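Working notes, beginning with the structure itself.
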Amino acid sequence: MGIVNVTPDSFSDGGRYDTTERAVAHGRALLADGADLLDIGGESTRPGATRPLVAEELDRVVPVIRELAGGGAVVSVDTMRAEVAEAALGAGAAIVNDVSGGLADPRILDVVAAAGATYVAMHWRAHADRMRDFTDYSPDGVVASVRRELTERLSAAEAAGIARERIVLDPGLGFAKEPHHNWELLENLDQLAALGCPLLVGASRKSFLGALLATDGVARPVEDREHAHAALVAVLAGRSVDVLRVHDVRATRDALAVAAAMGVRHEDEPHLPAHRKKDEG
């Protein structure tokens, strides 16, 4: 899953693709590099970020989705808002990637169910400007807590009418997590996969990689974390991961190719629940 941030303030590439033309060109470049699908977002969820107006988010993502989906790309919309999800699905998106798992706007579940779209529910506890206050996972620990809270979101999605075979779960790396929480989750993905849904993992360039590579207490800058991410991808190729959400598709494909050459199980086609391409109606 190639990331297209149509935002001025995303943590990695904010402002680089904040016009329709640049975002569409970037999406096409990611497809050429081997992306299976594109995740189009108009709201930054970096720690401390403030939310755009609904109209701003719509203006950012809908034209990009319409153009890329119209060209045959499988498109996901990265949004927490029902209004944006509905407009995006109408513009050709087949997947709704909701980092709040339906907590920020419960009506988004009804929108997805009515459209018969695929739904990605991420583990989430609070909006970006407050999520640092929600990193306490005692007494059960982060793995058990995330599993329990994702189970609740899975139940809510099914209760809204989204078929289980169209639900993907995401452990929410970096969201209300201290660096060590992310590593614990990555080591125990099998416990989340046991919930019976495909897993999406988004580790690309995140702060826990920067913390791992810190020098004299200073985290490695965002732009210098890709090698570490590629190494992580090679490890994850043999684990319970179905979709990788990434900034650098070519580096990810290279890492997967190395893993495959070393005999680690890897398939080119993602295990995302059936998504509709534009020519499939």
If ARG46 satisfies every condition in (1) among the basic types (Lys, Arg); (2) within 14 Å of the chain's Cα centre (by Cα); (3) farther than 25 Å from SER207 by Cα but one, which is the exception?
(3)
Inside segment 138-165, can you point out the residues that are touching a helix residue (DSSP H, G or I) at 6+ places or on another chain (Cβ under 8 Å) and crowded, with 18+ Cβ neighbours inside 10 Å?
VAL142, VAL143, VAL146, ARG147, LEU150, LEU154, ALA157, ALA160, ILE162
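Which ranges mark the strands (runs of 3 or more DSSP E) fully within segment 31-134 that have 1 or more residues being crowded, with 24+ Cβ neighbours inside 10 Å, polar (S, T, N, Q) and modelled with pLDDT under 95? Even if it seems obvious, please write down each step before you answer.
On the way: elements: 38-41, 75-78, 95-98, 118-122.
Once the strands (runs of 3 or more DSSP E) in segment 31-134 are filtered for at least 1 residues that are crowded, with 24+ Cβ neighbours inside 10 Å, polar (S, T, N, Q) and modelled with pLDDT under 95, nothing remains.
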Counting only residues in segment 166-193 that are more than 18 Å from the chain's Cα centre (by Cα) and in contact (Cβ under 8 Å) with a residue 40 or more places away in the chain, the one surrounded by the fewest Cβ atoms within 10 Å (Cβ to Cβ) is identified as ASP190
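Taking the options LEU53, LEU37, name whichever one is in contact with a strand residue (DSSP E or B) (Cβ under 8 Å, 6 or more places away or on another chain) and either under 18 Å from ARG107 (Cβ atoms) or not charged (D, E, K, R) (or both). Write out each step before concluding.
Working: LEU53 fails: in contact with a strand residue (DSSP E or B) (Cβ under 8 Å, 6 or more places away or on another chain).
Sole residue among the options that is in contact with a strand residue (DSSP E or B) (Cβ under 8 Å, 6 or more places away or on another chain) and either under 18 Å from ARG107 (Cβ atoms) or not charged (D, E, K, R) (or both): LEU37.
The values are calculated or read from the model by the stated rules, or taken from the named source; none is laboratory data. For clarity, every value in this text was computed on a predicted model and none was experimentally measured. Glycine also receives a Cβ, built like all others from the backbone with ideal geometry; neighbour counts cover every protein chain displayed.
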